[in-house]
Structure formats: C-alpha cells, structure tokens
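Structure first, then comments.
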Amino acid sequence: MSAFKRNPRPLFFECLKSWLTELDPGKITSTPIVHLAFESLFVEELYDAVVDFIVEIFSVTAGTDYQDAEAMQPVTVLYEELCRVSPRLGNLGTDPETFRGIIRMYAEAGEAWSGLIARDPDRYSYLVECIARCTAYNEDLDVTKITFKFWGEFTHLITLDSHKQARETFKPIYEGLVDIMISHLHYPPGNDRSDIFGGDREAEDKFRDFRHDMGDVIKDCCRVVGASECLKKAYFAVNAKLQEQAQGRNVPWQDVEAPLFSMRMMAREVDVAEDTVVPEVMKLLVNLPEHDKIRYAATLVLGRYTEWTAKHPDYLEFQLNYISSGFSNKNKDVISAAAQALKHFCQDCKKVPSCFEYI
C-alpha cells in the first residue's frame with residue numbers, strides 16, 4: 001500500500017473500480033484508499049481513472065440502510081472526503097472535460113444519497129448547494145445536463161408529505177435554480193440562424209432540445225418553490241429588461257425571450273385560479289417591444305395559458321387581438337405560433353360565451 005501511496009497509477013484505480021461490485025464498500029472506506037483517491041484528483045494523469053472510481057463507489061452505496069450505523073460508515077467517510085476536497089476542486093480548471101468529472105461526482109453522490117439528504121437536510125445541504133453550482137456551469141451545456149437527473153429525482157422525493165422539512169430547507173436553492181435556468185435558456189448572440197448557429201441546423205436543434213430539458217427542471221422548481229413565485233421571477237426578469245430599454249439601453253432580444261420561454265414551461269404548473277401574477281404577465285405580454293422572436297415567444301406563452309384565460313374571460317379579447325395581429329406578420333414562425341395559439345384558445349375557451357365574437 002505504501003508504494004501506491006507514493007506513486008499510484010491509473011490502473012490501480014481502474015482495478016479497484018472493477019472490484020467494487022464484489023466488495024462490501026466498507027472494506028474500502030475503512031482503509032486509506034479513499035483518502036488517497038480524493039487526493040489523487042489533483043494529479044492530472046490520475047484524474048480520469050480516479051473520477052470513475054469515486055463515481056462507482058458512490059453508486060454502490062445507493063440504497064444504504066440509513067438506520068444501520070455500521071452500514072452508514074462508508075457514506076459518512078465518502079461524504080466527509082468529498083466536502084474536504086470540494087473547496088479545492090475549482091483549482092482544477094473549468095474546461096468542459098475537467099468539469100465533466102467534477103459534475104459527475106457531485107451528481108452521482110446526490111442521486112445515490114437522495115433519500116439520506118431528504119431525511120437529514122441540514123447535514124447534507126452542502127452537497128445540494130454544490131450540485132446547484134454545477135448546474136450553473138455554462139461553458140458546455142451537455143456537461144451541465146448531467147445534473148438534471150438529480151433534480152428530477154430529488155424533487156419527487158422532497159415534495160412528498162413525509163419530507164416537508166427538506167422541501168423548506170431547499171427552497172432557497174430551488175429559487176436560485178430558476179434564475180440559473182433562465183440564464184441557460186438564452187440563445188447565443190445574433191439575430192438569425194446564420195448569426196446564432198453559423199448555419200448549423202444540428203446545433204440549433206440540439207439547443208432547442210436542451211431548452212425543453214431545462215423546462216423540466218423549471219417545472220421541478222415550480223413544485224418546490226411554488227409556480228406563482230417562479231412565474232414572478234420570470235416576470236421581473238422581463239420587466240427589468242423593458243425598463244432598461246426605456247432608459248435608452250440596448251437590450252438584446254435574447255434577454256427578453258429567455259424568461260418568456262420559461263413562462264411557457266411553467267404554464268401547466270400554474271393554478272388556473274391564480275389571480276396575482278398571471279394577470280400582470282398577460283398585460284406585459286401584449287405590450288412587449290415588436291421583434292419577431294419576442295412576438296413568437298409571447299404568442300406561444302399566451303397559447304399555453306388558455307385554460308387560465310377560460311377562467312378569466314376579461315383577459316380574452318386583448319389576447320386574441322394580439323394573436324390575430326400575428327397573422328399579418330411576414331415571419332413564418334410568428335404566423336405558425338399564432339395559428340397554434342389560436343387552436344388552443346378555440347379548444348379551451350370555447351365555453352366562454354363571447355369567445356367566438358372576438359375571432
């Protein structure tokens with residue numbers, strides 16, 4: 001062991017990883033190997049092999065009996081080691097391949113110990129904070145996406161009645177997660193496909209798919225924080241940009257479109273009886289600055305809230321006027337969005353007596 005301690009090789013950790021499914025993890029965590037592994041993260045030639053080993057040992061501790069002190073020993077050791085090295089991991093760099101390893105470790109720890117985190121939120125809140133910081137990484141969204149599985153599984157867990165304390169503990173983190181998602185939703189700079197994606201339709205399609213994946217995380221946030229609170233964040237984000245524009249500042253359309261897209265993703269989580277934030281959103285949407293991409297986004301948002309509008313018919317006329325005016329737009333995407341929104345209005349608002357008078 002001392003020889004390995006002085007000069008371990010990647011093969012050493014690769015072999016250990018292959019044995020983990022056959023060994024009681026306690027037989028590893030009760031030795032200096034775990035400490036050696038976490039320290040070896042800072043040795044460049046060992047990094048990949050060590051990350052694989054740590055991810056695997058986190059994985060094999062999933063389903064640990066939290067009531068059994070002896071069974072919990074491996075988890076305790078691993079969590080303490082992860083917390084110990086965490087402040088130093090930022091020194092490894094933020095290039096996508098390096099950060100992929102860091103995110104994999106945190107995400108696997110979160111997934112493996114989600115039940116434990118929900119049972120003892122104060123002790124394990126640091127881990128969730130670290131995962132949230134990983135989700136904020138914006139150099140490569142494919143790397144960021146590694147954390148999304150954790151948020152989905154953990155949200156399901158802490159929204160159960162038996163984990164109300166955890167839900168309250170982690171609300172601030174989920175509130176911050178809404179802002180992170182809105183930031184990631186921004187299209188790259190530019191005004192058309194040739195500017196934004198350099199004509200690469202595959203990159204464009206990939207980004208659009210990723211946005212819908214982020215939409216699932218936004219829905220998770222709505223379930224923890226409350227849909228009205230999340231919608232309010234998006235509303236304020238748009239309103240802040242409009243105020244900047246009114247002061248003469250140049251506001252890229254991306255800064256308005258991104259929170260609009262998040263509003264669209266939140267729609268199914270918003271109660272149709274909500275009467276505080278949604279009315280303000282509706283008035284905001286039909287008074288946005290004229291821009292094809294903003295009009296497209298706003299029109300699709302209106303089409304997602306038609307069940308709400310059916311319960312609030314006073315807001316129907318001006319929404320339909322806005323949508324109808326989209327048919328005279330020269331942009332095909334705007335016309336398509338108007339047709340889609342009008343379809344939803346016809347389906348969901350058909351029982352409103354005055355609906356077809358406005359069409």
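The values are calculated or read from the model by the stated rules, or taken from the named source; none is laboratory data. None of the values given here were measured: they were computed from a predicted structure. Using ideal geometry, Cβ is built from the backbone for each residue, glycine included, and neighbour counts are taken over all protein chains shown.
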Count of the range 313-354 residues which are surrounded by fewer than 18 Cβ atoms within 10 Å (Cβ to Cβ) and under 32 Å from the mean Cα position of the chain (by Cα): 9
Segments classed as helices (runs of 4 or more DSSP H), wholly inside the range 286-337, with at least 2 members that are aromatic (Phe, Trp, Tyr) and over 19 Å from Gly215 (Cβ atoms): 316-325
Matching residues, the range 223-279, being under 30 Å from His163 (Cα atoms), polar (S, T, N, Q) and in contact with a Leu (Cβ under 8 Å, 6 or more places away or on another chain): Ser262
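Condition first: within 21 Å of Ala62 (Cβ to Cβ) and either surrounded by fewer than 17 Cβ atoms within 10 Å (Cβ to Cβ) or modelled with pLDDT of 95 or more (or both). Now tell me which residues in the range 1-13 satisfy that.
Within the range 1-13, no residue meets the criteria.
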Residue that is farthest from the chain's Cα centre (by Cα), among those in the range 180-219 that are over 17 Å from Tyr137 (Cβ atoms), in a helix (DSSP H, G or I) and not charged (D, E, K, R): Ser194
Condition check for Glu274: modelled with pLDDT of 95 or more, under 22 Å from Asp209 (Cβ atoms), of a type outside the set (Phe, Trp, Tyr) and touching a helix residue (DSSP H, G or I) at 6+ places or on another chain (Cβ under 9 Å): no
Answer residue from the range 283-298, given it is crowded, with 21+ Cβ neighbours inside 10 Å and under 21 Å from Ala227 (Cβ atoms) and is modelled with the lowest pLDDT among those: Leu285
Selected residue (criterion: modelled with the highest pLDDT) from residues of the range 14-59 that are among the small types (Gly, Ala, Ser) and surrounded by fewer than 18 Cβ atoms within 10 Å (Cβ to Cβ): Ser59
Residue satisfying condition, being over 22 Å from Val60 (Cα atoms), among the β-branched types (Val, Ile, Thr) and in a helix (DSSP H, G or I), within set Ile173, Ile146: Ile173
Residue in the range 210-225 that is more than 21 Å from Phe170 (Cα to Cα) and either without any contact (Cβ under 8 Å) to a residue 60 or more places away in the chain or crowded, with 22+ Cβ neighbours inside 10 Å (or both) present: yes
Count of residues meeting criterion [surrounded by 17 or more Cβ atoms within 10 Å (Cβ to Cβ) and closer than 25 Å to His163 by Cβ] in the range 78-118: 18
Residue tally, condition modelled with pLDDT of 95 or more, under 22 Å from Phe38 (Cα atoms) and among the aliphatic types (A, V, I, L, M), over the range 117-147: 6
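Restricting to helices (runs of 4 or more DSSP H) lying wholly in the range 1-92: which have 2 or more residues that are under 24 Å from Pro121 (Cβ atoms)? So that I can check it myself, show each step before the final result.
Details: elements: 2-6, 10-19, 25-29, 33-40, 47-60, 69-89.
Qualifying helices (runs of 4 or more DSSP H): 25-29, 47-60, 69-89.
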Close pairs from the range 233-251: first among the hydroxyl-bearing types (Ser, Thr, Tyr) and in a helix (DSSP H, G or I), partner surrounded by fewer than 16 Cβ atoms within 10 Å (Cβ to Cβ) and at pLDDT 95 or above, Cβ under 9 Å, at least 6 apart: Tyr235/Glu280
